[in-house]
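The structure appears below as structure tokens.
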Amino acid sequence: MLQSTMLAALGTTEIILIIVAILLLFGGKKIPELMRGLGKGMKEFKDGKDGVDSSTTTTDNTNKPQ
């Protein structure tokens, strides 16, 4: 309950300050790499949660009849 009210209390100025602080800490070039890694991690987590394995999604043409 407390966390949802804290997020609601963030205004535009606070969000801009947080973004500027992140830019100063990581730099503009590092942020896309961080977001890409976060996206890949979320995708892997979702696939793992759903029971999808990367070996089952790849196609194997060696066992198909010709």
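Summary of computed values
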read-out	value
Filter pass, Glu14 being at pLDDT 90 or above, assigned to a helix (DSSP H, G or I) and over 20 Å from the mean Cα position of the chain (by Cα)	yes
Leading residue by the ranking (modelled with the highest pLDDT) among those in the stretch 23-38 that are part of a helix (DSSP H, G or I) and either exposed (fewer than 10 other Cβ atoms within 10 Å of the Cβ) or charged (D, E, K, R) (or both)	Arg36
Options Gly41, Gly51; residue that is of a type in the set (Gly, Ala, Ser), at pLDDT 65 or above and more than 10 Å from the chain's Cα centre (by Cα)	Gly51
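The values are calculated or read from the model by the stated rules, or taken from the named source; none is laboratory data. Since the model is a prediction, treat every value here as computed from it, not as a measurement. Heads up, the Cβs are rebuilt from the backbone with ideal geometry, glycines too, and the neighbour counts pull from every protein chain shown.
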